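The values are calculated or read from the model by the stated rules, or taken from the named source; none is laboratory data. No experiment lies behind these values; they were computed from the predicted model shown. Don't worry about glycine lacking a Cβ; one is built from the backbone with ideal geometry, like all the others, and counts go over all protein chains shown. Just so you know, the surface numbers come from the protein's heavy atoms only, side chains and all, with ligands and any DNA or RNA stripped out. Shrake-Rupley method; radii C 1.70, N 1.55, O 1.52, S 1.80 Å.
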Amino acid sequence: MASQRPGFPVRLTPTASAATRGRTSAVPAKPVVVNQTPSMASDAVRARMVQRLTAQGVADVRVLRAMSAVERHRFVDSALVNQAYEDTSLPIGLGQTISKPSVVARMIELLLGAPALANKPGDRLGRVLEIGTGCGYQAAVLSHVATEVYSIERLRGLHERARTNLRPFRLATVHLLLGDGMVGYAKGAPYAAIIAAAGGEAVPEAWLAQLAVGGRIVAPTQSSNGGQALVVVDRTARGLERRVLEAVHFVPLKSGIA
């Protein structure tokens with residue numbers, strides 16, 4: 001993890017510079033109207049969500065604290081705010097969804113089990129690459145457990161929406177990129193962890209090449225029965241080790257920018 005930090009990506013600042021704007025979409029972001037009712041903004045609502053996650057088997061304190069810290073209702077449309085803390089995926093536009101809280105927690109807990117963090121229960125991950133920014137919720141959660149987050153989105157509309165959603169949080173360690181997630185982001189490599197919010201036929205070779213020794217990939221991939229399964233890939237000193245876990249359902253992994 002001693003690689004030089006790249007000079008570009010897009011930073012989350014209140015107003016982007018002209019150079020930064022040139023690298024991102026000119027499509028205006030759809031305003032997100034946030035319901036600021038006391039019930040949704042209260043710590044108690046998130047505390048109940050965290051209690052449910054604990055009951056479902058999420059045990060890593062770092063994950064539970066991160067899930068408690070990030071206000072999920074800020075990342076969904078106002079019409080769906082009352083469902084923000086239920087364990088359900090919700091539409092965020094352009095045929096995409098925000099993942100269930102249990103899925104976000106499960107995948108991040110798996111990331112924190114990377115070989116480099118073995119016997120280091122209190123440590124943060126290093127640099128993380130997220131494939132599929134979506135509305136920005138998972139990137140915000142990751143910012144609490146990683147030293148730096150690079151999140152790439154191929155859909156301009158969602159990239160802009162995530163920028164709008166995350167700007168008030170002023171997360172200096174989160175960088176949003178508009179690009180093809182299937183090729184990763186080589187300028188930021190090597191990564192301590194790579195997490196994907198879309199599933200393809202297999203883990204792309206580009207991701208494997210950008211993973212640091214001791215790092216871990218957590219991603220959905222196509223299973224033998226035609227569905228999807230969660231896959232964990234570790235890069236150790238001996239090479240790559242792969243495990244197939246439970247069945248999941250994510251949107252398809254696609255290439256290109258749209």
Problem set entry | Residue satisfying all of: in segment 220-258; assigned to a strand (DSSP E or B) and among the hydroxyl-bearing types (Ser, Thr, Tyr); farthest from Lys100 (Cα to Cα) among these | Thr236
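Determine, yes or no, whether Ala192 is open to solvent by 20 Å² or more (accessible area, probe 1.4 Å) and modelled with pLDDT of 95 or more.
Details: open to solvent by 20 Å² or more (accessible area, probe 1.4 Å): no; modelled with pLDDT of 95 or more: yes.
Here the answer is no, as Ala192 does not meet what is asked.
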Exercise. Hey, among Arg5, Arg62, Arg11, Arg23, which residue is modelled with pLDDT of 95 or more, charged (D, E, K, R) and within 22 Å of Val174 (Cβ to Cβ)?
Worked result: Arg62
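Which one is farthest from Gly188 (Cα to Cα), of the residues in segment 102-141 that are acidic (Asp, Glu) and surrounded by fewer than 24 Cβ atoms within 10 Å (Cβ to Cβ)?
Pass one, segment 102-141, residues acidic (Asp, Glu): 109, 123, 130.
Checking the rest, the ones that are also surrounded by fewer than 24 Cβ atoms within 10 Å (Cβ to Cβ) come to 109, 123.
Working: Glu109: 22, Asp123: 21 Å.
Only one residue tops the list, namely Glu109.
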Problem set entry | Members of segment 172-217 found to be of a type outside the set (Ser, Thr, Tyr), within 14 Å of the chain's Cα centre (by Cα) and not in a strand (DSSP E or B), listed by number | Gly181, Gly184, Ala197
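Going by the conditions given, is Val218 in contact with a Ser or Thr (Cβ under 7 Å, 6 or more places away or on another chain), β-branched (Val, Ile, Thr) and open to solvent by less than 20 Å² (accessible area, probe 1.4 Å)? Before you say what the answer is, go through the steps one by one.
Numbers: in contact with a Ser or Thr (Cβ under 7 Å, 6 or more places away or on another chain): no; β-branched (Val, Ile, Thr): yes; open to solvent by less than 20 Å² (accessible area, probe 1.4 Å): yes.
So Val218 does not fit the description; no.
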